[in-house]
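Colleague: Encoded as C-alpha cells, here's the structure I'll be asking about.
The values are calculated or read from the model by the stated rules, or taken from the named source; none is laboratory data. Please read these numbers as outputs of a predicted model, since none were measured by experiment. Cβ atoms come from the backbone with ideal geometry, glycine included; neighbour counts cover every protein chain shown. When the accessible area is computed, the model is the full protein with side chains, heavy atoms only, and any ligands, DNA or RNA have been set aside. Shrake-Rupley method; radii C 1.70, N 1.55, O 1.52, S 1.80 Å.
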Amino acid sequence: MHNTFAIDLGTTYSCIAYLNEHGNPEVIRDNENDSNTVASVVFFENENNVIVGQAAKENIETDGDRVVQFVKREIGKRESRTYEFDGKTYTPVEISALILTRLKNLVEAQGGTIDDVVITVPAYFGLEERSATRQAGELAGLHVLSLINEPTAAALSYCARQFQEDRTILVYDLGGGTFDVTVVKMSMAQNDAGRDVQKITVLATGGDDRLGGKDWDDRLYNYILHACCDENGLTPDEVEAETRQDIRGKVEEAKRKLSKKQSTKVRIDVNGSRTEITIKRSDFEQMTSDIVAKTMNFVDATLEKVPAESIDTVLLVGGSTYMPMIINAVEAKFPGKVQQHDPDQAVAKGAAIYASMLVEEVGSPSAQDGEISSDENNHAEQLTSKFTVEDQTPRSFGPGVVDMNGSKQKYVLENFIKIGEKMPAVFSKTYYPLEDNQELVRLRAFENMSTDDTLIPCVDEDGNPQATDPAHNVKLLGELVVNLPPGTSRDTPIKVTFKVDASGVHVEAVNTKTNETFETFLRTESDIDVERSAVHQLRISSE
Ligand code: ADP
Ligand code: MG
C-alpha cells in the first residue's frame, strides 16, 4: 500500500489529508489541540526549540518578534525577505518546510508513514512560487509528486460527492489572509485509455492576497477595545499592553463562536479590572459589512471574464466562509446555487483524491483500462478514475530575440505560450543568428503576465534593465547557451521550443543544420547564471 498524502499549505492554516481504506478523503486531525488544521505559524522559542502550530500562534502577542506567520506571501518572491533567529537565517522556503515537517510528524505520530505528497498552491502562483513550494516539500523530506491549484482541488472534492456533467463552478475561497475567486469548468473528456473522465479546467482567477479572516479579527479587536474603554472610563491610549494582548488572544475564538451563536461574551482583564463584553452577531455583521462587499466586488470583477449566467454552482471554501454573513451575501447574489462542505478541509480533501489518481496512474497501469469495480472498497478507484485535471499556464512564456524590422533593431519578447493556455503547452519558432560566425547564442527565457504577442522585455540590447509595464510582471527565468560550430552562417535556422507544464518550463534549441540539440529546464533564475549582455542573440527572420 502506497502512502500518499495531500497538503493544503495555507497562509494561516494548513491541513493534511489522504484517502482512507473506503476511498473517502479524510483529514488527519491534530490531537494536540483537537483541530482539523494546523496554524501556519512558527515560533522560534530558543536555539533548541522551534514550535509550529496553535502553540506558536499563542506567542504572537507576547513574543511577536520571534514568531513568523503569513510566510506563504513571501515564498518564491524575487526579493523575498529572510528571518533571523539565534544567529541563523531562514528563507521563506525553510520556514514553509518547518510547517510541512509538522504536518508530516502528525502522520508519523499516529503510526503512519508518508511516501508521496501533493501540495496545493493558489491558481495565480507563478513558476517561482510553485518551484519554491516544491522545494519546501523536498526540504521537509517529502517526495513531492505534484502540485495542484487550490480551487481545482476544491472543485474535485465537491464533484467527487456530487458528480455532475458540464458544470461551471465559481470557487469563493476566503481564508485567513487571502481571498481567491476562481471559475473552473467541469466537462466530460476521454482519457488516454479512451475512457470518459471528468475534466477540470480553470477559466478565470481573481481576488486579493491581502484580504481575509484577519480583517474581521481586526474589526472585532477594535470593537472590544472600545467597549472595554467605555466600561472602564478609559481612552484607548490608556489601555495597557497586557490588556491589548488579552483582547488579541480572544478575538479569533469570539469570531468563531459568532458563526454559531447570535451573541458571545469575552472576559478581558482591563488594566487589572475584569470586564465582560457581550458581542452580538448583528453588530459584528454591521461593523464588517464593507469587507463583505469588497469580496463581492472581486466576484463581480471576475465575472467580467466569465458570464454570470454560466455559473451553475458557487462553492464556498476557506475557514472564513463559516461566517453566516458570507453565506448570506453569496446566496443573495447566486440564489440556490451555493454549496459549502467542510470549507477548511475541502482543498486538502480534493488534493487527496488527485494524489491517489496520480499514484494509480504511475503505480498500476491496469487501473486505467480495467472495468470500474463495483466493490465498495474500491470506491477510491472509482473516484480517481473519473477525473482528469487540466490546468492552465499561470503565466505567459517566451524567448527574448532581436527584431531587425524597422529603423532600429529592438530586443523583444515573443510570447510563445500565453497565460491561461491549457497545460502542457508547447510552441516552436525558428530564428537565426544575429551575424555570421557567431560562436554562441544566449537564449533568454522570460515569464510575464501579458497576453500580447510581442513585448519589450526587461533588458535592452545592452543588457540594461528597461522600463516595462509593471502590470506585465516580466521576469527573466534563465538562459540557454547554444554553441554554434565555427563558420556558422547567419542564415542557419535555429528552432526554439518552449514546453510548459506544472513543474516548469522546458526550453530547447535545435541547430537544424547540424541537428545539435541544446536544452534546459527552468524553474527559477537562480538555476542559471544569466549573462546580461546584448551580444550572442537570435534574430527574427526579416523576410
Ligand atoms: P488559509 O487562509 O490559510 O487557507 P483557512 O481556509 O483555514 O486558511 O481559513 C482560516 C481563516 O478562517 C481564519 O481567519 C479563521 O479565523 C477563519 N475561521 C475558521 N473557522 C471559522 C469559523 N467557524 N467562523 C469564522 N471564521 C473562521
Ligand atoms: Mg486556503
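Colleague: Which of (1) open to solvent by 30 Å² or more (accessible area, probe 1.4 Å); (2) closer than 25 Å to residue 319 by Cα; (3) in contact (Cβ under 8 Å) with a residue 60 or more places away in the chain is the odd one out, the single condition residue 280 does not satisfy?
Modeller: (3)
Colleague: Further question: Checking the condition open to solvent by less than 20 Å² (accessible area, probe 1.4 Å) and more than 16 Å from ligand 2 (Cβ to nearest atom), which residue from 347, 317, 306 passes?
Modeller: Numbers: 347 fails: more than 16 Å from ligand 2 (Cβ to nearest atom); 317 fails: more than 16 Å from ligand 2 (Cβ to nearest atom).
Testing whether each residue is open to solvent by less than 20 Å² (accessible area, probe 1.4 Å) and more than 16 Å from ligand 2 (Cβ to nearest atom) leaves just 306.
Colleague: Next question, about the same structure. Filter the range 298-328 for residues that are free of Cβ contacts under 8 Å to residues at least 24 places away in the same chain and within 11 Å of residue 338 (Cα to Cα); which is nearest to ligand 1 (Cβ to nearest atom)?
Modeller: 327
Colleague: Moving to a separate point now. Within the range 330-339, restricting attention to residues that are under 25 Å from the mean Cα position of the chain (by Cα) and open to solvent by less than 40 Å² (accessible area, probe 1.4 Å), which residue is nearest to ligand 2 (Cβ to nearest atom)? Full working, then the answer.
Modeller: Filtering the range 330-339 down to residues under 25 Å from the mean Cα position of the chain (by Cα) leaves 330, 338-339.
From what's left, open to solvent by less than 40 Å² (accessible area, probe 1.4 Å): 330, 338.
Values: 330: 17, 338: 18 Å.
My answer is 330.
Colleague: Any idea which residue in the range 448-467 is modelled with the highest pLDDT, counting only those that are open to solvent by 40 Å² or more (accessible area, probe 1.4 Å), of a type outside the set (S, T, N, Q) and part of a loop (DSSP other than H, G, I, E, B)?
Modeller: Taking the range 448-467 and keeping what is open to solvent by 40 Å² or more (accessible area, probe 1.4 Å), we get 449, 451-454, 456, 461-462, 464-467.
This time we only want the ones that are of a type outside the set (S, T, N, Q), so: 449, 452-453, 456, 461-462, 465, 467.
Remaining after also requiring part of a loop (DSSP other than H, G, I, E, B): 449, 452-453, 456, 461-462, 467.
Details: 449: 82, 452: 89, 453: 93, 456: 77, 461: 56, 462: 56, 467: 56.
Result: 453.
Colleague: Let me ask something else about it. Quick check: anything in the range 186-207 among the hydrophobic types (A, V, I, L, M, F, W, C) and either within 30 Å of residue 106 (Cα to Cα) or modelled with pLDDT of 95 or more (or both)?
Modeller: Narrowing the range 186-207 to residues among the hydrophobic types (A, V, I, L, M, F, W, C): 186, 188-189, 193, 197, 200, 202-204.
Then drop every residue that is not either within 30 Å of residue 106 (Cα to Cα) or modelled with pLDDT of 95 or more (or both), which leaves none.
No, the range 186-207 contains no residue that is among the hydrophobic types (A, V, I, L, M, F, W, C) and either within 30 Å of residue 106 (Cα to Cα) or modelled with pLDDT of 95 or more (or both).
Colleague: Sticking with this structure for a sec: Return the total of residues in the range 228-244 being open to solvent by less than 40 Å² (accessible area, probe 1.4 Å) and polar (S, T, N, Q).
Modeller: Taking the range 228-244 and keeping what is open to solvent by less than 40 Å² (accessible area, probe 1.4 Å), we get 228-229, 239, 243.
Narrowing the set further to residues that are polar (S, T, N, Q) leaves 243.
Qualifying residue count, the range 228-244: 1.
Colleague: Then there is this: Can you name the strands (runs of 3 or more DSSP E) wholly within the range 1-80 that have at least 3 residues being open to solvent by 40 Å² or more (accessible area, probe 1.4 Å) and either without any contact (Cβ under 8 Å) to a residue 40 or more places away in the chain or in contact with a Leu (Cβ under 8 Å, 6 or more places away or on another chain) (or both)? Break it down stepwise before answering.
Modeller: Details: elements: 4-8, 13-19, 25-27, 42-46, 49-52.
Those strands (runs of 3 or more DSSP E) span 49-52.
Colleague: Tell me which strands (runs of 3 or more DSSP E) are completely within the range 396-447 and hold 3 or more residues being open to solvent by 10 Å² or more (accessible area, probe 1.4 Å) and not charged (D, E, K, R), or say none if there are none.
Modeller: On the way: elements: 396-403, 410-414, 425-433.
By residue number, 425-433.
Colleague: When only residues in the range 243-270 that are among the polar types (S, T, N, Q) and at pLDDT 95 or above count, which is nearest to residue 222 (Cα to Cα)?
Modeller: 243
Colleague: Report whether or not residue 262 is within 16 Å of ligand 1 (Cβ to nearest atom), open to solvent by 50 Å² or more (accessible area, probe 1.4 Å), without any contact (Cβ under 8 Å) to a residue 24 or more places away in the chain and touching a helix residue (DSSP H, G or I) at 6+ places or on another chain (Cβ under 9 Å).
Modeller: Answer is yes for this residue.
Colleague: Let me ask another. If I filter the range 191-223 down to residues being within 15 Å of ligand 2 (Cβ to nearest atom) and of a type outside the set (Asp, Glu), which single residue comes out as most open to solvent (accessible area, probe 1.4 Å)?
Modeller: 210
Colleague: In addition: Cβ contacts < 8 Å: first residue open to solvent by 80 Å² or more (accessible area, probe 1.4 Å), restricted to the range 246-258; second residue within 16 Å of ligand 2 (Cβ to nearest atom) and among the aromatic types (Phe, Trp, Tyr), any location; separation 6+ or different chain. Result?
Modeller: 256/322
Colleague: Moving on to the next point. Given (1) out of contact with any helix residue (DSSP H, G or I) (no Cβ under 9 Å at 6 or more places or on another chain); (2) open to solvent by 20 Å² or more (accessible area, probe 1.4 Å); (3) outside any strand (DSSP E or B), identify the lone condition not met by residue 84.
Modeller: (3)
Here's the yes/no breakdown for (1) open to solvent by 10 Å² or more (accessible area, probe 1.4 Å); (2) part of a loop (DSSP other than H, G, I, E, B); (3) in contact (Cβ under 8 Å) with a residue 40 or more places away in the chain:
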site	(1), (2), (3)
130	yes, no, yes
145	yes, no, yes
172	no, no, yes
177	no, yes, yes
185	yes, no, no
189	yes, no, yes
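Colleague: Given the conditions (1) in contact with a strand residue (DSSP E or B) (Cβ under 7 Å, 6 or more places away or on another chain); (2) within 16 Å of ligand 2 (Cβ to nearest atom); (3) farther than 18 Å from residue 117 by Cα, and given that residue 8 satisfies all but one, which numbered condition is not satisfied?
Modeller: Answer for residue 8: the failing condition is (3).
Colleague: Only one of these conditions is not met by residue 195: (1) farther than 28 Å from residue 252 by Cβ; (2) in contact with a helix residue (DSSP H, G or I) (Cβ under 7 Å, 6 or more places away or on another chain). Which number is it?
Modeller: Failing condition for residue 195: (2).
Colleague: Now for a separate question. Identify all residues within the range 94-119 that are open to solvent by less than 20 Å² (accessible area, probe 1.4 Å) and either away from ligand 2 (no atom under 16 Å from the Cβ) or out of contact with any Leu (no Cβ under 7 Å at 6 or more places or on another chain) (or both); write none if there are none.
Modeller: First, the residues of the range 94-119 that are open to solvent by less than 20 Å² (accessible area, probe 1.4 Å): 95-97, 99-100, 103, 106-107, 116-119.
If the condition is that a residue be open to solvent by less than 20 Å² (accessible area, probe 1.4 Å) and either away from ligand 2 (no atom under 16 Å from the Cβ) or out of contact with any Leu (no Cβ under 7 Å at 6 or more places or on another chain) (or both), then 95, 97, 103, 106, 107, 116, 117 are the ones that fit.
Colleague: For the range 149-163, indicate whether the set of residues that are within 27 Å of the chain's Cα centre (by Cα), aromatic (Phe, Trp, Tyr), surrounded by 20 or more Cβ atoms within 10 Å (Cβ to Cβ) and within 20 Å of residue 324 (Cβ to Cβ) is non-empty. First the steps, then the outcome.
Modeller: Here is the first cut: in the range 149-163, the residues within 27 Å of the chain's Cα centre (by Cα) are 149-163.
Next, only the ones that are aromatic (Phe, Trp, Tyr) stay: 158, 163.
Next cut, surrounded by 20 or more Cβ atoms within 10 Å (Cβ to Cβ) only: 158.
With within 20 Å of residue 324 (Cβ to Cβ) added as a condition, the list becomes none.
There is no residue in the range 149-163 that is within 27 Å of the chain's Cα centre (by Cα), aromatic (Phe, Trp, Tyr), surrounded by 20 or more Cβ atoms within 10 Å (Cβ to Cβ) and within 20 Å of residue 324 (Cβ to Cβ).
Colleague: Give the residue that is surrounded by the most Cβ atoms within 10 Å (Cβ to Cβ), with candidates limited to residues of the range 350-379 that are β-branched (Val, Ile, Thr) and at pLDDT 50 or above.
Modeller: If we filter the range 350-379 for residues that are β-branched (Val, Ile, Thr), which is where we start, we get 353, 359, 362, 372.
This time we only want the ones that are at pLDDT 50 or above, so: 353, 359, 362.
Numbers: 353: 27, 359: 20, 362: 11.
Within the range 350-379, the match that is surrounded by the most Cβ atoms within 10 Å (Cβ to Cβ) is 353.
Colleague: Right, something else. List the pairs whose first member sits in the range 210-226 and is in contact (Cβ under 8 Å) with a residue 24 or more places away in the chain and outside any helix (DSSP H, G or I), whose second member is surrounded by fewer than 20 Cβ atoms within 10 Å (Cβ to Cβ) and not small (Gly, Ala, Ser), and whose Cβ atoms are under 7 Å apart, counting only residues at least 6 apart or on separate chains?
Modeller: From the range 210-226, the pairs are 211/294.
Colleague: Could you run through the range 32-69 and say how many residues are modelled with pLDDT under 95 and on the phi > 0 side of the Ramachandran plot?
Modeller: Number satisfying all stated conditions: 1.
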